[in-house]
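Working notes for the structure below.
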Amino acid sequence: MPFYKKDIFLNSIFYLLLVLILVNRVVLFLNVNINCIDSDLPFFWAGIKDYSEGLFYEPRFYGQDYNTFMESLLSVPLYWLGVPVYYALPIATHFVSLFPFLFTAFYLFYKGRKENGILILCLLMCMCAGYDFMVSLPRGVSGVFFTSFFILSLLNPTHFGFLVLNTLLSVLGYFVTPNSVVVSVPLMTFLFLHNYKNKKYYFVTLLCLLFAGPCYLLFDKFYKDHPDYIIYGLSNNWSFTYFFDTLKHLDKSFAHVTFLTDENSAMLLGLLLLMTLFLFIINRSAFVAFLSFFGIILLSFCTSKVHEGVVWPFYSFSRMYIGIPVVIVLFSVFFWFRSGPFLNFFILLALTFSVYKFYTFKSNYVYHTDEKRWNGVHLIPLKTVVDGCSAFKDICKTNGTEHLLISNTFWLSTYMNYGGQAIFKDFPDSEETSAERRYWVRNGNKDKVLRKFIFLSVDFNFDKLPCVQDAAFSITRLDDYGIFLIENNNLKNGDFISLVNSCERN
């Protein structure tokens, strides 16, 4: 094939694959992100609203000493432009999850290694349907984002500017989401093997690693100093019992980071072993670095954290290993591909599988959103959330109150309490009766006497319970489904909540 024709062919294929990837994400956005609102998303929405107003109450996920609202932070510019939070957040999530692949592919493409860039897009397109669902959600994708620029160091391993950039970002990525070490450890190992004879390398790397100090002060020390902010603390135990149990259930652990089919680790493991063999032959430094990747994976098997989840994209075991496809993509740079039957096979496979995923999307959607599979979080349609928030906003306005107290076991409590003000700027102040994650709300209202407010109870007959008959407030039933107007209240908010919790338990 003449050079100019080959170039036109490669350019056309690259952009065709790119378009198909983006179309796939649009389909996911319009169906999964909008139709399936899981019970963690309202926390991110609250983060968007707070950050947009310059309010940074705590450095991590509200009420937790782990994970962050990075996607919320990235959503703020869209929110400022008037994009609703429930659109802005998934757009940011798709950007974060796609960036490591697209940046690497574009960088290689414009460095003249077009075949490698095309291969990366093919690999992304061949990821299983469960992977597409999983990375559409802001749960575990943010830390891996910071490993996106390692392609610069892989092609220029002795370039100290790139080394500094990637070392600093690796440290930051670890504090944002520790599952990023799946990517950063093998790649930092590769850089070490290329620079260990250079004394300057140790000095520069040590200075970069000192960045962990400010990161610790920013992300973790806050919770050491303010343990009362923590509702759900990080728990991670180590044991060889976990190791052997994970080995026996690899299809579960890698359920949604596999190729072509969900819950089948054989193809993934086969590809990893094949890459290991070829790296041993063509690049010993990359081979040793790739072995460290296996080491970090095996080490993770000893932790209890990898057992938190289910075989379901919305709370998948695989979120711990979300960096594995990125590792495969980055180490694929050591294989110099040329146009020919091998590359054509991958292109044909990617195109065929992409068509297959579009064709089977509806059945995959039904399967992955089936209520029988819910675990850890639950799903409801966006319209239900918006309509519910709108209805209770209007009830509060009609009754002349700007405070809504919600029983935390009410089915819409999480969505309204944390997402209400992010969706509607005139939504009333709200609070859950138990397990309120926002310390500044929980503690700030504790000693306040709210004379008039709406209380949403899970007990439809709350006004008839003996425990409220002689209470220091008047109560009016607004409907037969648990909405009550509290007036002339003389109880502190904390005391009212204690009364509610006692009544509803009984």
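The values are calculated or read from the model by the stated rules, or taken from the named source; none is laboratory data. Quantities reported herein were computed from a predicted structural model and do not represent experimental measurements. Heads up, the Cβs are rebuilt from the backbone with ideal geometry, glycines too, and the neighbour counts pull from every protein chain shown.
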* With the checklist (1) crowded, with 21+ Cβ neighbours inside 10 Å; (2) not assigned by TED's automatic domain parsing to the domain that holds PHE14 in hand, flag the one item ALA350 doesn't pass. => (2)
* Being in contact with a helix residue (DSSP H, G or I) (Cβ under 9 Å, 6 or more places away or on another chain) and among the aromatic types (Phe, Trp, Tyr) is the filter here, so list the residues in the stretch 279-323 that pass it. => PHE280, PHE287, PHE290, PHE293, PHE294, PHE301, TRP312, PHE314, PHE317, TYR321
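Name the residue, out of ILE282, ILE328, ILE324, that is closer than 27 Å to ASN375 by Cβ, in the same structural domain as ASP262 (by TED's automatic domain parsing) and among the β-branched types (Val, Ile, Thr). Walk me through how you get there before you give the answer.
Details: ILE282 fails: closer than 27 Å to ASN375 by Cβ; ILE328 fails: closer than 27 Å to ASN375 by Cβ.
Exactly one residue qualifies, and that residue is ILE324.
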* Structure fact -> Scanning the stretch 246-274 residue by residue, those touching a residue at least 60 places away in the same chain (Cβ under 8 Å) and crowded, with 17+ Cβ neighbours inside 10 Å turn out to be THR246, LYS252, SER253, PHE254, ALA255, HIS256, VAL257, THR258, PHE259, ASP262
* Scan (1) out of contact with any His (no Cβ under 8 Å at 6 or more places or on another chain); (2) farther than 28 Å from PHE280 by Cα for the single condition TYR131 breaks and write down its number. => (1)
* Got a number for residues in the stretch 180-197 being buried (at least 24 other Cβ atoms within 10 Å of the Cβ) and either of a type outside the set (A, V, I, L, M) or not in a helix (DSSP H, G or I) (or both)? -> 4
* **The lone exception for GLY270 - which of (1) modelled with pLDDT of 95 or more; (2) over 25 Å from the mean Cα position of the chain (by Cα) it fails** => (1)
* Asked: Looking only at residues in the stretch 150-171 that are surrounded by fewer than 19 Cβ atoms within 10 Å (Cβ to Cβ) and touching a residue at least 24 places away in the same chain (Cβ under 8 Å), which one is farthest from VAL96 (Cα to Cα)?
  -> THR158
* Asked: Out of all the residues in the stretch 319-376, which are part of a loop (DSSP other than H, G, I, E, B) and among the small types (Gly, Ala, Ser)?
  -> GLY323, SER339, GLY340, GLY376
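Check every one of the helices (runs of 4 or more DSSP H) wholly within the stretch 54-150 and list those with 2 or more residues that are small (Gly, Ala, Ser) and in the same structural domain as ILE328 (by TED's automatic domain parsing).
Ranges flagged: 70-80, 85-110, 129-134, 142-145.
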* For the stretch 196-203, indicate whether the set of residues that are closer than 19 Å to SER292 by Cα and not assigned by TED's automatic domain parsing to the domain that holds GLY444 is non-empty. => yes
* Asked: Assuming LEU218 fulfils every condition listed in (1) more than 21 Å from LEU108 (Cα to Cα); (2) surrounded by 14 or more Cβ atoms within 10 Å (Cβ to Cβ); (3) in contact (Cβ under 8 Å) with a residue 60 or more places away in the chain apart from one, which condition is it?
  -> (2)
* Which of (1) crowded, with 24+ Cβ neighbours inside 10 Å; (2) over 30 Å from TYR356 (Cβ atoms) is the odd one out, the single condition THR93 does not satisfy? -> (2)
* Check VAL19, VAL85 and return the single one that is more than 19 Å from the chain's Cα centre (by Cα) and β-branched (Val, Ile, Thr). => VAL19
* To do: Evaluate the stretch 23-37: report whether one residue or more is under 20 Å from PHE133 (Cα atoms) and outside any helix (DSSP H, G or I).
  => yes
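Suppose we filter VAL27, VAL32 for residues that are buried (at least 21 other Cβ atoms within 10 Å of the Cβ) and modelled with pLDDT of 90 or more; which single one remains?
Answer to the check: VAL32.
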* **Qualifying positions in the stretch 275-290 - without any contact (Cβ under 8 Å) to a residue 40 or more places away in the chain and not β-branched (Val, Ile, Thr)** => LEU277, PHE280, ARG284, PHE287
* Asked: Counting just the residues of the stretch 425-452 that are surrounded by fewer than 15 Cβ atoms within 10 Å (Cβ to Cβ) and farther than 24 Å from PRO59 by Cα, which one comes out farthest from the chain's Cα centre (by Cα)?
  -> ARG451
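Give the residue, chosen from LEU206, LEU271, LEU234, that is aliphatic (A, V, I, L, M), closer than 29 Å to PRO325 by Cβ and assigned to a helix (DSSP H, G or I).
Working: LEU206 fails: closer than 29 Å to PRO325 by Cβ; LEU234 fails: assigned to a helix (DSSP H, G or I).
Result: LEU271 is the single residue among LEU206, LEU271, LEU234 that is aliphatic (A, V, I, L, M), closer than 29 Å to PRO325 by Cβ and assigned to a helix (DSSP H, G or I).
For the structure I just gave you, tell me whether PHE335 is assigned by TED's automatic domain parsing to the domain that holds LEU155 and closer than 30 Å to GLU371 by Cβ. Please lay out each step first, then the result.
On the way: assigned by TED's automatic domain parsing to the domain that holds LEU155: yes; closer than 30 Å to GLU371 by Cβ: no.
So PHE335 does not fit the description; no.
Check ALA92, ALA46 and return the single one that is more than 27 Å from HIS256 (Cα to Cα) and under 16 Å from the mean Cα position of the chain (by Cα). Break it down into steps so the answer makes sense when it comes.
Values: ALA92 fails: more than 27 Å from HIS256 (Cα to Cα).
Every option except ALA46 fails the conditions.
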* Hey, LYS357 in contact (Cβ under 8 Å) with a residue 12 or more places away in the chain, of a type in the set (Lys, Arg) and on the phi < 0 side of the Ramachandran plot or not -> yes
* Of the numbered conditions (1) outside any helix (DSSP H, G or I); (2) touching a residue at least 12 places away in the same chain (Cβ under 8 Å); (3) closer than 17 Å to ILE486 by Cβ, ASP470 fails exactly one; give the number of that condition. => (2)
